[in-house]
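Have a look at the structure below before the remarks.
Every read-out reported here was derived from the displayed coordinates using simple, explicitly stated rules and does not represent laboratory data. Everything numeric in this text was worked out from a predicted model, so none of it was measured. For neighbour counting, all protein chains shown are included, and Cβ atoms are generated from backbone atoms with ideal geometry for every residue, glycine included.
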Amino acid sequence: MLLGVNIDHIAVLREARRIADPDPLDALSIVKRAGADQITIHLREDRRHIRDEDAANIVRLSALPVNLECATAPEIIDIVSDLRPHRATIVPEKREEVTTEGGLAVTGDQPALKKAIAQLHEKEIEVSLFIDPTQESIEAALDLGAEWIEFHTGKYANIYAMLYGNLGNTPYAIPELDLPRKELKKMLYDEFETFRYLSAEASKMGLRVAAGHGLNYQNVKAIAEIDWIEELNIGQCIIARSVYTGLEQAILDMRELMLG
Ligand code: PXP
């Protein structure tokens, strides 16, 4: 099981003060030393955390493969094509969202996706599509010629947090998941079984399967045990823990849970 560490959240801290520190570039050697397999970053259209110069420096200097998340906006695809990271993960983007809220509508905006994928493939960049776990999405990803899919685990993480994270009656409770525990347990089981079934299906079709979003030290183990999921991309919880333990220890803790 491979671990991609999403280091955007370091740039989030920097941009909170709009100064030069902390610099996500300083994380590269620590992520590698801690045994992670990939650096993941997201160059958003609004550049709210990772900036163009971060992306350029990270791709140029990282000893680990770089997975650059991006939307299909032509300006962004041009930048990614020029930078030539190891992989581009195409994600949906809404300016007003706090973070990427759902998977791509792979069966919807096909012309933009096709154009972006063709341009990335021309530069020998492998392509992953960040999708919700549905049969139609994996079939569409295969038709579009993506090498990878990444399942959006946000819903699984939210249900898990409501069940086991003591969120009830806190400002972080998720109103649409304010449901009886029995119902939440069934939803969690269904979501997990969907990941298991669809990752096997996708893998049989020849797609490589990653997962990510909202995974953390509590909920990661079950997902990491699904044989057909090869890689997890995890950011927020690792950077949050690193405030107290340091980045290297936070990554070591995560790898132990994933591999243990
Ligand atoms: N994978 C993708 C495609 C993402 O957009 C994100 C969030 O930037 C992640 C993984 C990591 O999510 P988190 O920061 O919640 O661990």
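Can you count the Lys pairs in the stretch 56-199 whose Cα atoms are under 22 Å apart, with each pair 8 or more apart or on different chains?
Lysine pairs, 8 or more places apart or on different chains, close enough: 8.
Per residue of the stretch 149-154, in order, report the coupling 6.51 cos²θ - 1.76 cosθ + 1.60 (Karplus, θ = phi - 60°) as ³J(HN,Hα) in whole Hz, putting x for Gly and Pro.
Along the stretch 149-154, the couplings run 10, 10, 6, 6, 9, x Hz.
Rounded to the nearest Å, what's the spacing between the alpha carbon centres of the stretch 215-250 and the stretch 117-171? Just the number, please.
Result: 16 Å between the Cα centres.
Could you give each residue of the stretch 247-253 its phi-based ³J(HN,Hα) in whole Hz, using Karplus coefficients 6.51, -1.76, 1.60 with θ = phi - 60°, and x for Gly or Pro?
5, 4, 5, 4, 6, 4, 4
Taking the stretch 1-75 as the region of interest, what is the percent of Cα-Cα pairs per 5 angstrom bin, listed from the shortest bin to the one with the maximum distance?
Once binned at 5 Å, the Cα pair distances of the stretch 1-75 give 3, 17, 29, 25, 16, 8, 2, 0.
From the residues THR40, TYR189, MET254, which one has its Cα farthest along the dipole of the chain in the positive direction, the dipole being from +1 and -1 charges on Cβ of Lys/Arg and Asp/Glu about the Cα centre?
Checking the options against the dipole of the chain, the answer is MET254.
HN-Hα J couplings of the stretch 51-60 from phi, Karplus 6.51/-1.76/1.60, θ = phi - 60°, integer Hz, Gly and Pro as x?
Per-residue couplings from phi come out as 9, 4, 5, 4, 4, 5, 5, 5, 5, 5 Hz.
Using the 10 angstrom Cβ neighbour count as an exposure proxy, how do MET258, MET205 rank, fewest first?
Neighbour counts put them in this order, fewest first: MET205, MET258.
Order these peptides, 244-250, 5-11, 22-28, 214-220, by their mean beta-carbon neighbour count within 10 angstrom, highest first.
Answer by packing, highest mean first, reads 5-11, 214-220, 22-28, 244-250.
Go from 0 up to the bin containing the longest alpha carbon distance in the stretch 154-253, width 10 Å each, and give me the % of pairs per bin.
14, 40, 33, 13, 0
Placing +1 at every Lys and Arg Cβ and -1 at every Asp and Glu Cβ, with all other atoms neutral, what dipole size does the stretch 201-245 have around its Cα centre, in debye to the nearest 20?
Dipole of the stretch 201-245, to the nearest 20 debye: 160 debye.
In whole angstrom, and with the biggest value first, how far do the Cα coordinates of the chain range along each principal axis?
Over the chain, Cα extents along the principal axes are 50, 44, 36 Å.
Counting other beta carbons within 10 Å of each Cβ, put VAL106, VAL98 in order, fewest first.
By the 10 Å Cβ count, ascending, the order reads VAL98, VAL106.
Provide Rg over Rh for the stretch 87-220; use the alpha carbon set for both Rg and the Kirkwood Rh (inverse mean inverse pair distance).
1.02
Taking 0.36 nm per intervening residue step and subtracting the Cα-Cα distance, what contour gain separates TYR164 from ALA200 on full extension?
Going from the current span to full extension adds 10.2 nm.
Restricting to DSSP H runs of at least four residues, report the calculated mean residue ellipticity at 222 nm for the chain, -39500 (n - 2.57) per run over all residues, nearest 500 deg cm²/dmol.
-14000 deg cm²/dmol
Per residue, what volume in Å³ does the Cα convex hull of the stretch 28-121 take up?
Enclosed volume per residue, from the Cα hull, is 108 Å³.
Which residues' amide hydrogens lie under 5 Å from the amide hydrogen of THR40, considering only partners 5 or more residues apart or on another chain, with H built in the peptide plane?
Placed amide hydrogens put VAL5, ASN6, ILE7, ASN67 under 5 Å from THR40.
Please give the FRET efficiency for LYS115 paired with GLU45, using the beta carbon to beta carbon distance and R0 = 22 Å, rounded to the nearest 0.05.
For LYS115 and GLU45, the calculated efficiency is 0.85.
Evaluate the distance, in nm, between pseudo-label points positioned 7 Å from the Cα of SER29 and of ALA56 along their respective Cα→Cβ axes.
Label at SER29, label at ALA56, 2.3 nm between them.
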